[in-house]
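Please treat every number below as a calculation from the coordinates, not as lab data. Everything numeric in this text was worked out from a predicted model, so none of it was measured. So basically every Cβ, Gly included, is an ideal-geometry build from the backbone, and we count neighbours across all protein chains shown.
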Amino acid sequence: MKRAVFLDRDGVINRATVRDGKPYPPASIEDFELLPGVDNAMRALRRAGFLVIVATNQPDVGSGLQRKDVVEAMHNRLLAADLCDDIRVCYHTAEDRCECRKPKPGMLMDAARAWNIDLSRSFLIGDRWRDVDAAKAAGCYAFFIDYGYREHLRAQPDAVIESLAQASEHILQCLSAKEDTK
């Protein structure tokens, strides 16, 4: 079975706009800006043999605040740059009560079935309580990027980090240490 690193999108891969302590996705493809070190981190994880899968809630599409083609253009940019293996998206709002919307683990479980992923040997990197809860529900190691948003964690992450780049370094160091003990 394969190992994966699941990534939330806004605030982990790309810059989120924060208003009143809450993060918001970019409004346009022109506003879609990768955070520093993200491309190198994603490529390093893939070179090390991890599947890199984006798992993102995009409820603004479901609520009519964003167009689906704009979100897909952002995702196509990631795929065209060969930064990830797959992108899983939930377009539903919280009121839809779907199984794919984080904090439920549906996107992770679907990706695990499609890619033959061992979730217990996989990671999720996110910046919201929903990400941590989804990781825990799926049995993944949960990295939490703490930006100090005005929301509280419900579950305890396995590690608190400052960026995707830092989480990537941690994962790769642990992988290297395990290989050194063989």
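List of remarks:
- Distance between modelled label sites at R113 and R43, nm, 7 Å Cα→Cβ extension: 3.5 nm
- Note, ³J(HN,Hα) from phi for segment 100-115, Karplus 6.51, -1.76, 1.60, rounded to Hz, x at Gly and Pro: 8, 6, 4, x, 6, x, x, 4, 5, 5, 4, 5, 4, 5, 5, 10
- As a rough footprinting exposure proxy, the listed residues S120, S168 were ranked by other beta carbons within 10 Å of their own, and the order from fewest upward is S120, S168.
- The chain - Cys residues lacking any other Cys C-beta under 4.7 Å: C84, C98, C140, C174
- To the nearest ten degrees, helix 68-80 and the longest principal axis of the Cα atoms of the chain are 30 degrees apart.
- Here the calculated FRET efficiency for R19 and E169, from their Cβ-Cβ distance with R0 = 35 Å, stands at 0.70, rounded to the nearest 0.05.
- The chain: projected area of the alpha-carbon convex hull, averaged over directions, in nm²: 10.1 nm²
- For C98, residues with placed amide H under 5 Å, excluding near neighbours: none
- Under 13 Å of direct C-alpha separation, and excluding same-chain neighbours fewer than eight residues apart, K104 reaches these aspartates and glutamates: D96, D131, D133.
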